[in-house]
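Here is the structure we will look at.
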Amino acid sequence: VNLKEQGQLRCQDEFIVWCGRKKYLRHVFLFEDLILFSKTKKIEGGYDIYIYKQSFKTAEIGMTESVGDSGLRFEIWFRRRKSQDTFILQAASGEVKNAWTSIIGKILWRQALRNR
């Protein structure tokens, strides 16, 4: 993935991510045109590196702002795929979740208006 072609980096955070029955800890980067899931690896010297796992164009996703009872989860789903291809992301705090759902919502609205 060429990150220079994905628009501005809007935010990044660590989430617990569920895909089906599998659960992962992922560092997620949200660009204007791409959401990227990576695995954090600690290396000598105290640095983190990010191992690419998967990414999706924001034009292909939809979002459910609140999932479950915790108030910390939201869902990313896909317009052209099977219903089981969804990701539930759990943020560390309500503030992180609200920031992400707000930014994703704005990106999706801008895309919808542009594509009318």
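The values are calculated or read from the model by the stated rules, or taken from the named source; none is laboratory data. Model, not experiment: these values are computed from the prediction. No Cβ is skipped: glycine too gets one built from the backbone with ideal geometry, and neighbour counts run over all protein chains shown. When the accessible area is computed, the model is the full protein with side chains, heavy atoms only, and any ligands, DNA or RNA have been set aside. Shrake-Rupley method; radii C 1.70, N 1.55, O 1.52, S 1.80 Å.
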Restricting attention to the range 78-89, does a residue exist that is open to solvent by 50 Å² or more (accessible area, probe 1.4 Å), acidic (Asp, Glu) and either in a helix (DSSP H, G or I) or touching a Phe, Trp or Tyr at 6+ places or on another chain (Cβ under 7 Å) (or both)? no
All-but-one check, residue 94 against (1) open to solvent by 40 Å² or more (accessible area, probe 1.4 Å); (2) small (Gly, Ala, Ser); (3) at negative phi, failing number (1)
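Tell me, which residue of the range 18-61 that is hydrophobic (A, V, I, L, M, F, W, C) and farther than 14 Å from residue 1 by Cβ is surrounded by the most Cβ atoms within 10 Å (Cβ to Cβ)?
Filtering the range 18-61 down to residues hydrophobic (A, V, I, L, M, F, W, C) leaves 18-19, 25, 28-31, 34-37, 43, 49, 51, 56, 59, 61.
In the following step, the residues that additionally are farther than 14 Å from residue 1 by Cβ were identified as 18-19, 25, 43, 49, 59, 61.
Working: 18: 18, 19: 16, 25: 10, 43: 8, 49: 10, 59: 14, 61: 21.
Filtering first and then ranking leaves 61.
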Go through (1) loosely packed, with under 15 Cβ neighbours inside 10 Å; (2) in contact with a Gly (Cβ under 7 Å, 6 or more places away or on another chain) for residue 114 and report which single condition fails. (2)
Quick check, is residue 103 closer than 20 Å to residue 14 by Cβ, under 15 Å from the mean Cα position of the chain (by Cα), at pLDDT 95 or above and among the aliphatic types (A, V, I, L, M)? yes
